[in-house]
Amino acid sequence: MTYHSGSRTIQDRVGVRDLADHVGRAVGQGIRPVAAAFLELQPLLVVGAAATGGGGVWASPLTGAPGFVRATGTHRISVAGGLPVGDPLTAALSTEDTAVGTIALDPRTRRRMRLGGRVRPAPRGFAVEADRVFANCPKYIQKRETYETVAGRTAGTPRHGTELTTSQREFIERADTFFLATVHAHGADASHRGGNPGFVHVDSPGELSWHDYPGNSMFLSLGNLTADPRAGLLFLDWTSGTALQLTGTARTEFAPDGERTVRFTLAEAVETPAASPLRWSPPAYSPANP
């Protein structure tokens, strides 16, 4: 099934169930040739999952030379390499049958592809047996024309905390993009959120909020949060490669005028300097950004 009861609850509240059914027809289990070709061009893949043992939900970055992630069948992708040392999802991606969501986002073309499924560990990385594959529209993706792989850049020691530092708050307030990981009883999802800098508000050292902009009406992420409030956020510095990973819980508030706000409560933050070796060119902001 494309939707579970959490997504249906949001769709019905917003009044878009019929539209969601129409859009949902694009969701499949197979990886088409055009999707396979897209994957092989990507230097970045974001994966979302719950930590082993029923822990928090995290979103983590994986990088490599184009081809490090590729389709190895119509229902499987293989990922070479692993996560930065100390990443919260290291154990989960080494565990058979872990539910994961992945998103490959290409800032150069404003294209993105989402794939969810189950982990199959491998000697030099892992594979994902896909049960959901689909593309999204280019809304809210900031265009970055080029990137380079910085030679000699290696991930630093992760720094853990339960509240955001001043520099982390400033980092978030400058961000134009983040990735959101959510889960439900039968799977996981990784998605993208974008806007002009300042679209994510730091309400306190332990709370964030953002407006839920109009999208494809599927409400997969918000539906998951309705069923399971655990969430993981990933903020990337597209120049220095620093990754800021947050785990906690999130809820959606509905205003009388229909505007939606997501409020996130932090449980733990992990900041890893130079987690990604990629340095991207400055952004051209999406014309869809409010």
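Read-outs: derived from the displayed coordinates by stated rules, not from any lab. Quick caveat: nothing in here was measured; it's all calculated off a predicted structure. Glycine gets a Cβ as well: all are built from the backbone with ideal geometry, and neighbour counts include every protein chain shown.
Brief remarks on what is shown
- Centroid-to-centroid separation of the range 81-151 and the range 241-290 [C-alpha atoms, Å]: 16
- Summed residue charge, Cβ within 12 Å of Ala80's Cβ, Lys/Arg positive, Asp/Glu negative: +1
- Shape parameters for the range 1-109, alpha-carbon atoms, Rg then Dmax in Å: 16.2, 45
- Alpha-carbon centroids, the range 184-207 and the range 29-71: separation in whole Å: 18
- Short-range pairs are left out: with C-alpha atoms under 8 Å and at least six residues apart, the relative contact order of the chain is 22 percent.
- Normalised per residue, the volume of the convex hull around the Cα set of the chain (Å³): 118
- A cut-off of 5 Å between modelled amide H atoms, ignoring neighbours fewer than 5 places along the same chain, links Thr52 with Ala92.
- Share of pairwise Cα separations in the range 159-241, more than 15 Å, in percent: 61
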